[in-house]
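Rule-based calculations on the coordinates, nothing more; no lab input. Just so you know, these numbers come straight off a predicted model, no measurement behind them. In this analysis, Cβ positions are derived from the backbone assuming ideal geometry, glycine residues included, and neighbour counts consider all displayed protein chains.
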Amino acid sequence: MSAQYPRFACATLITTPDYVIGGLVLGFSVKRSRWPHETVALVTPDIGRADRERLARVWDRVIEVGQIGNPSRAAEWGLASFRTVYTKLRLWELTDYTKLVFIDADAVVLGGLDDLLERPRFAAAPCVTAPDQFNSGVIVLEPSLETFADMMSRRGELPSYDGSDQGFLNSYFRDWYAGPPEHRLPLAYNVPRLLAYYRPAWTRLNGQIKVLHYFGPRKPWAGRSSLRGRVLQWLIARITSLTMDRPTPADIWWELHGELEDFLRTDEQVGAPASSPAREF
Ligand code: UDP
Ligand code: MN
């Protein structure tokens, strides 16, 4: 069914159980930012019932989607986490919505996102490690079954420079860098955590960050379950606190995580959902 009237949502994707905690903190941060529209978490069959129920505490809809395989040789480069990321293309199937703001589960929302809904069919912010490419951790898109089918048919043929959905989407929307400016979002909508290592860049954006993105191999929640992981995390926190202003990106994520835990212990609702659609799992 296609949307009959403008209907907007903020969406994320969770394809593996280790990212559920990221999806929970993100969902909590979206509600806390007073996002006035619906929120949707896409999950693959690998996400169990208990995790879906927890996600449904902070996301209005939890929708199961089939995994889409990664046709590139990402696994050969040792990038196991990219195995499932082409599932992100399922966003274009969500034709209940006229427009979506998609955010990776390894990100948090710190400011209002409503301005993004003014953006055209496709918009994204630059990737700081390849600034003439966009980062696919935050994208504004208009679902379309035609676009979805076209992407699926070109999935094996279009190259992915990094072996992930990001490289594929950059090949697909290849005019992003040279084309009209409204497709290019300000960096504040997708600030990589690593910017905190460069004080002038961090200071310039601080206070204006809309989305903080923990992209790269070590997620803030990584290693929580092992002693070795916790020691490593403690050491990293000590070292970064010597070189970075506080709160560091990790501090920000853990602060939100603490608020989320408090919230999950209570029965209250974060913000008011735009409507109360049925749970879909
Ligand atoms: N993802 C997931 N499980 C995985 C890998 C990825 O759920 O094992 C989803 C999740 O939404 C994640 C997104 O796909 O944020 C993109 O992957 P990731 O953020 O790890 O890539 P990066 O931003 O580090 O390049
Ligand atoms: Mn990410």
- Query: Are there trypsin sites (Lys or Arg not before Pro) in the stretch 1-102 that DSSP puts in a loop and that have at most 14 other Cβ atoms within 10 Å, and which ones?
  - Reply: Arg34, Arg73
- Item | Per-residue [θ]222 nm for the chain (sum of -39500 (n - 2.57) over DSSP H runs n ≥ 4, rounded to 500) | -9000 deg cm²/dmol
- Query: In terms of Cα to Cα distance under 12 Å, which aspartates and glutamates are near enough to Lys210, apart from those fewer than 8 places away along the same chain?
  - Reply: Asp114, Asp115
- Relative contact order (%) - criterion: Cα under 8 Å, at least six apart; region: the chain: 22 percent
- Task: Quote to one decimal, in nm, the extra length available between Leu242 and Glu182 on full extension: 0.36 nm per residue of separation minus the C-alpha distance between them.
- Result: 17.7 nm
- Per-residue HN-Hα couplings for the stretch 240-249, Karplus 6.51 cos²θ - 1.76 cosθ + 1.60 at θ = phi - 60°, whole Hz, x for Gly and Pro? 5, 5, 6, 9, 10, 5, 9, x, 6, x
- Output ³J(HN,Hα) for the stretch 19-25: one whole-Hz value per residue in order, computed from phi by the Karplus curve 6.51 cos²θ - 1.76 cosθ + 1.60 with θ = phi - 60°, and x for Gly and Pro. 8, 4, 4, x, x, 5, 5
- Along the dipole axis of the chain (charges at Cβ: +1 for Lys and Arg, -1 for Asp and Glu; origin at the Cα centre), the most positive-end residue among Pro200, Val40, Met151 is Pro200
- Query: Hey, got the dipole for the stretch 64-208? About the Cα centre, +1 on K and R Cβ, -1 on D and E Cβ, debye to the nearest 20?
  - Reply: 440 debye
- Simple spin-label estimate for Ala80/Leu232, 7 Å along Cα→Cβ, in nm, reads 1.2 nm
- Query: From the phi of every residue in the stretch 109-115, what ³J(HN,Hα) in whole Hz does the Karplus formula 6.51 cos²θ - 1.76 cosθ + 1.60 yield, where θ is phi - 60° and glycine or proline is x?
  - Reply: 9, 10, x, x, 10, 4, 4
- Message: Using a 7 Å offset from the Cα along the Cα-to-Cβ direction at both Gln208 and Glu259, what is the distance between the two label points in nm, to one decimal?
- Response: 2.2 nm
- Item | DSSP beta bridges in the chain [antiparallel fraction, %, rounded to 5] | 40 percent
- Note on the structure: What one gets for the stretch 8-269 as the Kirkwood radius, inverse of mean 1/r over different Cα pairs in Å, is 18.9 Å
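Using the crude model of +1 on Lys and Arg Cβ and -1 on Asp and Glu Cβ, and no other charge, please compute the dipole size for the chain relative to its Cα centre, in debye to 20.
700 debye
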